[in-house]
Number of protein chains: 2
Amino acid sequence: MSILTRPILEVNIDNIIANYKTLQKIAPNSVAAAVVKDDAYGIGAEVVAESLYKKVGCRCFFVAHGIEGEKIRPHVGKSEIFVLQGIGEDCFSSFKKAKLTPVISSSEQFAFWKKHKIEGIKPAIQIETGLNRLGFRESDLKKLSATDKKEFSMIMSHLACGDEKDHFMNEHQLSQFDKLKKIYFPNLRASLSASDGTFLGEKYQKDIVRLGAALYGINTAPYRPNQMKPCIKVLAPVLEIATLKKGDFVGYSATYRAATKRKIAIVSIGYGDGVPRSLSNVGKVFFDKNKNHLEARIIGRVSMDNIICDVSNIDGLKVGDMATIIGDFYTLDDIGRDAGTIGYETLSRIGKNPRFIRVYK
Amino acid sequence: MSILTRPILEVNIDNIIANYKTLQKIAPNSVAAAVVKDDAYGIGAEVVAESLYKKVGCRCFFVAHGIEGEKIRPHVGKSEIFVLQGIGEDCFSSFKKAKLTPVISSSEQFAFWKKHKIEGIKPAIQIETGLNRLGFRESDLKKLSATDKKEFSMIMSHLACGDEKDHFMNEHQLSQFDKLKKIYFPNLRASLSASDGTFLGEKYQKDIVRLGAALYGINTAPYRPNQMKPCIKVLAPVLEIATLKKGDFVGYSATYRAATKRKIAIVSIGYGDGVPRSLSNVGKVFFDKNKNHLEARIIGRVSMDNIICDVSNIDGLKVGDMATIIGDFYTLDDIGRDAGTIGYETLSRIGKNPRFIRVYK
């Protein structure tokens, strides 16, 4: 019997590489850029960026913040690194040092850029087409002079509903994008789609597709089976096995009560490790026993360091056995749904926790 | 006008110190131990532990994992560091190197301990009194020999409903604890309560109170006004201000639609920074303008790097102005409640994100 205490996060870099290649085939006429913002959704931006740079020749990256760009620069040679949140006083040194390309989304940021240009860099311009998040509105575009327009090297926008194949917003945003590009930046490289839009077909792919979630195994085209391979597994050890009598309560605020005698396992992972607390009395984990993949429900509240699972139907379970929290069968998308959110948020939380034993494959 | 892109996390160490002193007064006859697990709930275990060690003489600490104990050891002299998840093969070297005291919660862990004792260390024993999480059940206690019992230096348990003053579980767990201690470990130091139990009065305080959430400003006695001072502030800059026409949609999946013309601000923080996605169309932020603290609702989905706020009623707002995401008025408890969870989970998420400009006061 092993006595273990720490959860394990396994990252499968080969699957990220495989996903990149699959996505390249889906958008064969576009540059496949890798989105490694938010520390590659928690997976580790440096290792992901370096692998894509070295193994599949990725030469275009997107991050959210200047500091994120600075962090990956040593790993991606002279690749283009676009910074989605743009440039400002608090991140200017990162841009200068790491030769980052800002995505300029407002007149104010553009004014800042014109005062603080960095030699050899031509920013991208983001335009607003329906998401109503960052981007020049048409009223702002009208104010750009002919000289202003020459500052930019790429035009981009972002879809609101790209994961819903037939959503009216997709066609609407596409036609807005094509219209505005034609008027204001007819000769620039264009990028409209993240992972989800990439699956909507060639019209949406333009010159650069920005691949994040799908690269990391999330199904961004949920209207069809996932073509992506999962890239993380999360496991956690059983610390203790115990018995509940009929009527016993479990966990904080006593939200679970045993109706019959139950066998429970206390598993060493909790919301402090990124397991959403909203899985309380809702989520499940799996145990591999006797060649079966057996489900055990989370009972009671998820606490910071532990979850409690009903293992009444799992014979032969021992202290030290590993529960699968996220795996090939119960994916990021599954846990996201059960937690009342999406796989993106769960992935982004999980990967940031230093208590994991982290294994890169 | 400032052009800024990064969110700011301000940590007020003085308030953590003040909270420690307040809690010492509430439990004047107990040792006030600091719970700094999960990187001090994301605040930074090293800085919190060192401050409490140097400024208020704290000499007893609790962490969840061996690696957490190893990390704080250089900052707390020869203080006692208890490790709640216990000891195992994957963390043994931390215990040995940093002279950590395991909390032993199962017969299996105790068997491991007996094989791998560390000189000069006497573990704590955790007993189960009603939470049905980690701890020796009475059936396990009965199996301990007289020699076994001499291994331990402290007995502890944990309350399930300590934040509900009149919950029947409190009295039940207290009487279980007192009964089992009297039978099995009459002479040991005892610890029953975390922050919440500390507020339940002297009977619950025993020899050591374990202070975590309250130290960090969370109201663990929500049946009365919070006596604790807030210890974090989260701010994020406005990247862009724009106008919605009647009928415009906002954010992913177009979940918000403007019924009238609105003014919106795009604020540079999102779930990638720990702002729960469940605040979509629910949460709020505040702007300090003209000596007022003005509310702006989050509209549409929270995305990874941005939130969009309705600022129609805020005059004079500019790009670069800072939105208060968590502050003295809108606290961790408030944001936890609005996100459908608790302040503990929100704090634990927020502090782990490297994109913040982090300021310790």
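The values are calculated or read from the model by the stated rules, or taken from the named source; none is laboratory data. Since the model is a prediction, treat every value here as computed from it, not as a measurement. Positions of Cβ are generated from backbone atoms using ideal geometry, with glycine treated the same way; all protein chains shown enter the neighbour counts.
For this structure, a couple of remarks:
- Exactly one residue out of B:ILE87, B:ILE13 is among the aliphatic types (A, V, I, L, M) and surrounded by fewer than 24 Cβ atoms within 10 Å (Cβ to Cβ), and it is B:ILE13.
- Residues of region A:305-361 that turn out to be surrounded by fewer than 24 Cβ atoms within 10 Å (Cβ to Cβ), more than 14 Å from chain B (Cβ to nearest Cβ), out of contact with any helix residue (DSSP H, G or I) (no Cβ under 7 Å at 6 or more places or on another chain) and not hydroxyl-bearing (Ser, Thr, Tyr), as a count: 8
- Unmet requirement for B:GLN173, which otherwise passes all of (1) within 11 Å of chain A (Cβ to nearest Cβ); (2) of a type outside the set (Ser, Thr, Tyr); (3) out of contact with any Gly (no Cβ under 9 Å at 6 or more places or on another chain): (3)
- Scan region A:253-274 for residues that are assigned to a loop (DSSP other than H, G, I, E, B) and either of a type outside the set (D, E, K, R) or outside the structural domain of A:LEU347 (by TED's automatic domain parsing) (or both) and the total you get is 8.
- A residue that is outside any loop (DSSP other than H, G, I, E, B), more than 26 Å from the chain's Cα centre (by Cα) and either assigned by TED's automatic domain parsing to the domain that holds B:LYS37 or in contact (Cβ under 8 Å) with a residue 60 or more places away in the chain (or both) cannot be found anywhere in region B:224-232.
- Check on B:ILE121, under 30 Å from the mean Cα position of the chain (by Cα), over 30 Å from B:PHE168 (Cα atoms) and either away from chain A (no Cβ under 12 Å) or of a type in the set (Val, Ile, Thr) (or both): yes
- Elements of the type strands (runs of 3 or more DSSP E) sitting completely within region B:69-184 and holding at least 2 residues that are in contact with a helix residue (DSSP H, G or I) (Cβ under 6 Å, 6 or more places away or on another chain) and among the hydrophobic types (A, V, I, L, M, F, W, C): these cover B:80-83.
- Residue check for A:GLY336: farther than 18 Å from A:LEU4 by Cα and assigned to a loop (DSSP other than H, G, I, E, B): no
- Meets criteria (at pLDDT 95 or above, closer than 20 Å to A:GLU10 by Cβ and in contact with an Asp or Glu (Cβ under 6 Å, 6 or more places away or on another chain)) for A:GLY270: yes
- Every residue from region A:83-111 that is on the phi < 0 side of the Ramachandran plot, in contact with a strand residue (DSSP E or B) (Cβ under 6 Å, 6 or more places away or on another chain) and within 13 Å of another protein chain (Cβ to nearest Cβ): A:VAL83, A:LEU84, A:ILE87, A:LEU100, A:PRO102, A:VAL103, A:ILE104, A:SER105, A:SER106, A:PHE110
- Count of residues meeting criterion [facing another protein chain (nearest Cβ under 9 Å) and of a type in the set (Ser, Thr, Tyr)] in region B:128-170: 1
- Matching residues, region B:241-252, being buried (at least 20 other Cβ atoms within 10 Å of the Cβ), under 36 Å from the mean Cα position of the chain (by Cα) and not in a loop (DSSP other than H, G, I, E, B): B:VAL250, B:TYR252
- Test: residue in region B:289-298 that is without any contact (Cβ under 8 Å) to a residue 60 or more places away in the chain, out of contact with any Leu (no Cβ under 9 Å at 6 or more places or on another chain) and buried (at least 22 other Cβ atoms within 10 Å of the Cβ): no
- Set B:ALA40, B:ALA18: member being buried (at least 18 other Cβ atoms within 10 Å of the Cβ) and among the small types (Gly, Ala, Ser): B:ALA40
- Which numbered condition A:PHE61 misses (of (1) in contact with a strand residue (DSSP E or B) (Cβ under 8 Å, 6 or more places away or on another chain); (2) within 24 Å of A:TYR360 (Cα to Cα); (3) not in a strand (DSSP E or B)): (3)
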